[in-house]
Amino acid sequence: MLPETSLARGTVVQLNTSKGGVPKRPVLFAQVGLLGIEGDEHRYQYHGGPEQALLLLAAEVVDTLTAEGWWVFYGALGENLTTRGLDYRRWRAGQQFLVGTVRLQLTKPRAPCSALNPYGPGIQSRIYDPLVKARDPASPHWGESGFFAKVLEPGHISVNDIIEAVDPVV
């Protein structure tokens with residue numbers, strides 16, 4: 001039986017940062033500015049910026065990948081927020097969430113790059129396909145690669161904070 005999920009409410013099970021690249025390592029709390037978590041750095045020009053300030057990924061995806069035999073863990077796929085309880089299949093660009101004192105807005109699905117190669121050949125195609133690239137939520141892999149978000153209102157986030165949809169319909 002699958003765990004219960006909803007678009008409206010979940011929790012932050014892990015916050016992650018790095019000095020560039022993956023994996024990102026857990027932190028207990030974070031100050032979040034318009035460019036993302038303070039102290040989180042991006043190695044490549046294709047990451048970061050205001051439209052890609054944060055990367056959200058559902059713990060349920062990581063759990064499924066692990067059960068399938070992929071060598072992944074929370075933070076391995078480069079996410080800043082590992083969430084539990086939100087239905088990532090219903091995530092859409094434009095949706096807004098409150099988490100801690102931060103207001104964020106989803107911008108687009110993440111296209112996984114070769115930095116994920118150490119976790120197994122083909123992991124990118126396992127979590128991202130041409131339909132996701134075309135931004136078609138009919139994809140069976142919709143939301144599995146994570147979603148970028150921009151920060152509308154900076155603040156702080158802690159592990160176990162509630163993440164709640166404030167604009168569920170776009």
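The values are calculated or read from the model by the stated rules, or taken from the named source; none is laboratory data. Predicted model, so just to flag it, every value in this text is computed and none were measured. Cβ: placed from backbone, ideal geometry, glycine included. Neighbour counts: every protein chain shown.
Limited to the stretch 22-42, what total is found for residues that are outside any loop (DSSP other than H, G, I, E, B) and at pLDDT below 90?
Initially, the stretch 22-42 is screened for residues outside any loop (DSSP other than H, G, I, E, B), giving 25-27, 29-33, 36-37.
Then keep just the ones that are at pLDDT below 90; that gives none.
Count: 0.
Suppose we keep only residues that are within 21 Å of LYS150 (Cβ to Cβ) and part of a loop (DSSP other than H, G, I, E, B) within the stretch 1-21. Which one would you say is modelled with the lowest pLDDT?
Step by step, filter the stretch 1-21, then rank; the result is LEU7.
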